[in-house]
Amino acid sequence: MTAAITILALLFVAFIALGVYATVKAVGAAKRGVDRTITQARRTVEDTTLRAKSFGQPGVAGELAQLRIALRTSMRATQDALHAGVAEDSSLAESVGLFRRLSAHGLELDEELKRLEREPDRATVAGLLPQLRERTQRITHSADSLRWAARDRARQFADDDLDALNAQIDIEAGALRHWTVEERPGTSQGQGAGAARGRDAGVEWPEPAAAGGGNSSTADESWGGPAREEAPQAITAPDPHLRTKYPWQKSARPETTN
């Protein structure tokens, strides 16, 4: 009895622990989802604000906004391309590592550009613009190189797979058409042999009946066909009423003598 109670108590504690663990995991997943949603919304608002500044504010503020937009767009596109490609091609793991190192420089530059947007000394910021522009171009060029290299690699793999598939299809198509090479030369011989077998077996087209009730064997022999025996006449006499007579079948009347 004591053992049964102990087992039940352990099961109860296990179920409670499992429920607490599942609740913690669900809350954590929900929290991460909310954080991603908030981050995405903040990023969208910030990108919209930067685009508005780049078009609406001339001078230093507008150029800083343009640099931030170019930097963020390039880095985000490269990140998406590498993360999508590494799931199918594990050799891109090294490229992902290089991009992480590049992202550190990109984030540092983005923060610096963001601070300079609030800088009141516009003359000093204007003097830093050539250097900031060069750094932005170097980072975006590296990010673009990684992104296009990953895309070219994926496209090359797709082309190689397509070439291999085309070769296999050509081989299969040739195997399906092997009868055109093996059986076509003997087709006429096979047909001739079949016709000869048909003649040997006595398969013939029926000949039309001769008019006037003549001897059918003579008509067959005149056209080069085999002679056929006359069919035996019936024992009973033919009915004269059923016999069809034609004018040219009537016998001539005997001439009367005076």
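The values are calculated or read from the model by the stated rules, or taken from the named source; none is laboratory data. Since the structure is predicted, the reported quantities are computational estimates derived from the model, not experimental observations. As a convention, Cβ positions derive from the backbone with ideal geometry for all residues, glycine included, and neighbour counts pool all protein chains shown. For the accessible areas, the whole protein counts, side chains as well, though only heavy atoms, and no ligand, DNA or RNA atoms are used. Shrake-Rupley method; radii C 1.70, N 1.55, O 1.52, S 1.80 Å.
Quick one: Asp144 ticks every box in (1) among the acidic types (Asp, Glu); (2) open to solvent by 80 Å² or more (accessible area, probe 1.4 Å); (3) at pLDDT 90 or above except a single one, so which number is it?
(2)
Would you be able to say whether some residue in the stretch 96-119 is exposed (fewer than 14 other Cβ atoms within 10 Å of the Cβ) and β-branched (Val, Ile, Thr)?
no
What do you reckon, is Arg101 among the basic types (Lys, Arg), under 30 Å from Ala149 (Cα atoms) and part of a helix (DSSP H, G or I)?
Considered against the rule, which asks whether it is among the basic types (Lys, Arg), under 30 Å from Ala149 (Cα atoms) and part of a helix (DSSP H, G or I), Arg101 comes out as yes.
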